[in-house]
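Data block below; observations after.
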Amino acid sequence: MEIGIIGAGAAGVSLLDALSLTEPPPSGVTVFEGSSCLWRGRAYQPDVDAVRVNAPPALMSIRHDDQLHYTRWLAEHDGHLDTLLGVPIVPRAVYGEYLEATAMAAISRLRHRGCHVSVINDWVTGYSPLLTRTGGTHTLDHAVLCVGGGRPLDHYGLEGSPGFVLEPYPLARTLYGVPDGSHVVVIGSGLTAVDIVAALAANGHSGPITLLSRQGVLPYVQQTPVKLEFRHLTRENLPDTFAGLVAAMRAELGEDLAPLAAEITGAEDAVERLRRQLSEVDSPHPGRRMLSAAVHMFGPVVWPRLPAGERTVLRTQHFRTITSLASPMVPGNAEILLRLFDSGQLRLMSGVPKIEPAMRGFRVRGARELSADVVLNAVNPPAHAIPARTEPLVSSLLDAGVITLPATGGVSLRSGGVHTLGGITASTSFITPSVPTLAAGASAVAAEITSGR
Ligand SMILES: Cc1cc2nc3c(=O)[nH]c(=O)nc-3n(C[C@H](O)[C@H](O)[C@H](O)COP(=O)(O)OP(=O)(O)OC[C@H]3O[C@@H](n4cnc5c(N)ncnc54)[C@H](O)[C@@H]3O)c2cc1C
């Protein structure tokens with residue numbers, strides 16, 4: 001059986017690892033990666049040390065049924081302790097080394113077991129037979145699209161203006177020319193904005209930094225990891241309505257539901273909430289930890305079962321709250337932000353401003369009027385976006401009648417032989433798939449492929 005993995009980011013590595021452990025192994029695996037970021041993808045490419053992973057080691061294992069896989073690798077790579085969390089939070093480039101080491105180990109395991117493995121550094125542009133940009137053709141029994149998300153959108157039409165950066169990663173490159181003392185405006189206030197602030201702080205940037213945020217919110221601050229035990233919300237007993245989910249959380253948390261509900265519904269100034277949450281990193285209330293874990297553990301299964309109307313409400317009205325909860329910032333970064341807010345160097349401006357190129361730099365008109373020297377986009381591509389480089393392949397799959405493109409985005413599969421893993425999968429929620437979500441998906445795809453043998 002010949003298997004093609006299209007895209008060698010975290011999802012592709014996880015699938016390669018899962019396939020290397022199947023019994024019997026596939027007869028052939030070909031990995032296609034178009035960019036130079038082999039085994040790392042967008043998130044874990046080489047970058048400055050200030051750009052860190054945003055989860056504790058137990059939630060960063062690329063192997064679904066081995067939660068300590070990454071922790072064991074990490075034991076040989078000292079340092080990067082987040083003192084408030086009490087666990088290592090490494091630069092994302094270091095996590096990229098883990099992905100690369102895992103891919104190398106999987107390839108040698110597969111070869112040792114008699115499977116031939118090829119890695120082709122080219123874009124896949126067509127299907128049946130699989131076609132690459134430089135004209136190579138490949139006949140496969142299964143092709144798995146692990147192509148990641150799309151490109152950020154240029155909401156303000158600023159691309160091409162000097163001083164504007166649409167794709168902020170790698171920050172090592174995009175912050176390189178930012179003059180010290182300049183006013184940096186960041187579009188967005190999520191985790192990418194937090195990365196930008198942490199990297200500017202590490203560079204010793206002395207000028208003002210303004211985060212533009214539609215709703216004036218910041219990601220929540222992560223809490224120390226504790227062992228969580230779900231007794232009511234279990235894989236065997238997952239509700240298929242929002243009310244059912246709330247009832248299950250109530251059963252899990254009992255009296256601890258009240259602080260969680262207050263946290264979600266309470267109105268509080270964003271910086272004061274950051275300060276309070278930073279002082280509650282060790283809080284004994286399990287609510288936030290449980291809800292965040294539940295989103296990643298059960299979200300992928302529950303999401304497609306929810307009524308369409310409820311999915312629309314969650315996606316359109318509660319996007320920011322759910323994203324802040326599901327993807328909190330690490331305390332180390334929260335400390336950096338708070339220090340800069342308190343010193344007045346960092347500001348958060350809420351609302352939807354207008355941003356226009358000016359004679360020098362940019363003019364930002366919103367709650368206040370500002371001039372900026374540099375504008376960095378920190379809004380990630382929309383959920384389920386199809387990467388531009390993958391559009392020719394997707395068109396060819398559509399022409400072959402193998403997939404459909406639902407109005408809500410992403411790719412739905414119509415027949416066997418083609419599979420998807422990660423954000424392009426239409427049935428997944430709007431939350432960026434985390435490493436455990438990708439690993440669970442990789443394990444399921446590997447099982448599906450091998451069971452059809
Ligand atoms: C900035 C950022 C930070 C994150 N940090 C964390 C974190 O700390 N912890 C966590 O759990 N999750 C994190 N995530 C979420 C998740 O881990 C990442 O999104 C993850 O990298 C997704 O991996 P992927 O393989 O699906 O996509 P990608 O990493 O985007 O990889 C897809 C690969 O496919 C290639 N490709 C695309 N189309 C083609 C084609 N047609 N032919 C050949 N190759 C193709 C691309 O070049 C790319 O290398 C983060 C996400 C982002 C965006």
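A compact table of results
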item	result
Whether region 396-453 is rounded, prolate or oblate, judged on the alpha carbon gyration tensor where a/c under 1.5 counts as rounded	oblate
Cleavage-rule hits (GluC sites (Glu not before Pro)) in region 50-109: DSSP loop, at most 16 neighbouring Cβ within 10 angstrom	GLU76
For region 284-383, convex hull of alpha carbons as volume per residue, Å³	161
At most 10 other Cβ within 10 Å, DSSP loop - GluC sites (Glu not before Pro), region 207-283	GLU229
P(r) weight above 23 Å for region 152-300, C-alpha pairs, percent	52
Cα Rg, Dmax, region 1-141, angstrom units	16.4, 52
Kirkwood Rh, Cα atoms: Rg over Rh of region 235-326	0.97
Alpha-carbon centroids, region 213-229 and region 74-121: separation in whole Å	26
Where labels lie 7 Å past Cα in the beta-carbon direction, separation of ALA447 and HIS80 in nm	3.0
Values of log10 I(q)/I(0), in the order q = 0.18, 0.22 Å⁻¹, for region 62-196 under a Debye, Cα-only, solvent-free model	-1.22, -1.34
Cα shape, region 147-229, gyration tensor, a/c 1.5 rule	prolate
Reciprocal mean inverse distance between Cα atoms of the chain - Kirkwood radius, Å	23.1
At 1.567 mPa s and 4 °C, Stokes diffusion of region 297-342 via Kirkwood alpha-carbon radius, µm² per second	101
Computed over region 342-453, the ratio Rg/Rh where both radii use C-alpha atoms and Rh is Kirkwood	1.18
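Throughout, read-outs are computed from the coordinates displayed, never taken from laboratory work. As the structure is a computational prediction, the values presented were derived from the model and not from experiment. Neighbour counts run over all protein chains shown; Cβ positions are idealised from the backbone, glycine included.
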